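Chemist: Below is a structure I'd like to ask you about.
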Amino acid sequence: EWLWMRNLNYATVFWTIKETQFALLILAFIVAGLYLLVNFRLFAKKLRSVDFSQTPLENLRFNPADPAQYRSLRFLFSTLAVVIAAMFALAFFSQWDTYFRFHFNEMVGQTDPVFGNDLGYYLFRLPFIQLAQNSLSVLTFLASALLTVGYILTGQIQVAPGSANRIAPFIRRQLSANASLWLLTVAWGFYLQRYELLYDTSGVVFGAGYTDIHVKLPVLWIVFVLVLLLAIAVGLMWFYTNMRRIIYGGVGVLLLSILGLNILPGLVQKFLVEPNELQLETPYIKNNIKLTRQAYRLDEIKEYS
């Protein structure tokens, strides 16, 4: 590939792409690796005082209190962190073109009629922002889930009926910090999901319609704020142990998002919009026609009688 591009006098393009790929790979690997290494090594440190005889892993012949076995345990968790970080980094390595569009960010000079952003934001910047949000959300969720399962299997979190369900302060702080980070990425996802309404295909025309603007958009704002508050509340678990309100709040936000983003829009579309479709959808049909004409430069056609 390099020989071919050099022959076409595009060697600098080849090296720019490769340098960007490896820069993204290394940066993403460092971020994910440090995050996972800190968490997994803290988890391994807590295992030094665990008695496996009273845990689901009681048949495991392992004594983390032994220095040699503890070093093996740290190496195992460090390797796991490196493997997961490498998989995380590969997602960015293969998306070098998405980063280029984000980095150079051309302006179109035309704004969308709903949010008032330049169309270049959706063409160039938004895809990479969504890539970062999705990747960080998966990473923080995976770390939180692995830590929770690990603490349960090692008996440091008791979930059996009739158990005290107590969590050591150190474990509670670690899990609350990770869960709070995950919820922040989820809130970020709901914030970005507003822009996906411009790509909606369920209405009478392509793009945002009456139901999207008057139902889905307000619900997305509400859910965004609630998830943000939930993330703050989970982060405050560093200082208190009452999880009941957190669980109730999480279930409430989940139900609201399902109802407000999946069930309610269908009901409004069926019983309010469709009986008055021409009247309610006219502004959005006009937007669709106007921007379609601009896209194909039909608005530049001159008519002669």
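The values are calculated or read from the model by the stated rules, or taken from the named source; none is laboratory data. As the structure is a prediction and not an experimental result, all values here were calculated from the model. Every residue, glycine among them, receives a Cβ derived from its backbone with ideal geometry; neighbour counts consider all protein chains shown. Heads up: the accessible areas ignore ligands, DNA and RNA and are worked out on the full protein's heavy atoms, side chains in. Shrake-Rupley method; radii C 1.70, N 1.55, O 1.52, S 1.80 Å.
Chemist: So which residue, out of 43, 115, 128, gets the largest mean-square fluctuation from a GNM of the chain using Cα contacts under 10 Å as springs?
Modeler: Of the options given, 115 has the highest mean-square fluctuation.
Chemist: Specify the residue with the greatest mean-square fluctuation among 122, 195, 240, computed from a Gaussian network of the chain linking alpha-carbon atoms under 10 Å apart.
Modeler: 240
Chemist: While we're here: Which of 224, 124, 206 moves the most in a Gaussian network model of the chain with Cα springs under 10 Å?
Modeler: So, out of 224, 124, 206, the one fluctuating most is 206.
Chemist: Can you give the accessible area of residue 107, probe radius 1.4 Å, in Å² rounded to 10?
Modeler: 130 Å²
Chemist: If you don't mind, another one. For the chain, what is the number of Lys pairs with C-alpha distance below 26 angstrom, counting only pairs 8 or more positions apart or on separate chains?
Modeler: 6
Chemist: Here's a follow-up. Only helices at least 24 Å long along their own axis, judged from Cα atoms, and with Kyte-Doolittle mean hydropathy of -0.5 or greater: name those in the chain from DSSP H.
Modeler: 11-46, 67-93, 126-153, 169-193, 217-235
Chemist: What's the FRET efficiency of residue 202 with residue 304 using the Cβ-Cβ distance as r and R₀ = 41 Å, to the nearest 0.05?
Modeler: After rounding, the FRET efficiency stands at 0.55.
Chemist: Under the rule a/c < 1.5 gives rounded, and otherwise a/b versus b/c splits prolate from oblate, where does the stretch 239-305 land using the Cα gyration tensor?
Modeler: oblate
Chemist: Hey, what's the chain come to in accessible area per residue, 1.4 Å probe, Å²?
Modeler: For the chain, the solvent-accessible area averages 61 Å² per residue.
Chemist: Follow-up question, since we're still on this one. Could you please state how large a percent of the accessible area of the chain is carbon and sulfur, counting protein chains only and using a 1.4 Å probe?
Modeler: That share works out to 65 percent.
Chemist: Between the stretch 1-48 and the stretch 278-305, how many Å separate their Cα centres?
Modeler: Here the answer is 45 Å between Cα centres.
Chemist: Stokes-Einstein at 4 °C, 1.567 mPa s, Kirkwood radius from Cα pairs: D for the chain in µm² s⁻¹?
Modeler: Translational D for this selection: 55 µm²/s.
Chemist: With a ≥ b ≥ c taken as the square roots of the eigenvalues of the C-alpha gyration tensor of the stretch 166-305, please select rounded if a/c is under 1.5 and otherwise prolate if a/b is larger than b/c or oblate if it is not?
Modeler: Prolate, because a/c is 1.5 or more and a/b exceeds b/c.
Chemist: I want the local charge near residue 40. Using Cβ-Cβ distances under 13 Å, sum +1 for each Lys or Arg and -1 for each Asp or Glu among the other residues.
Modeler: +4
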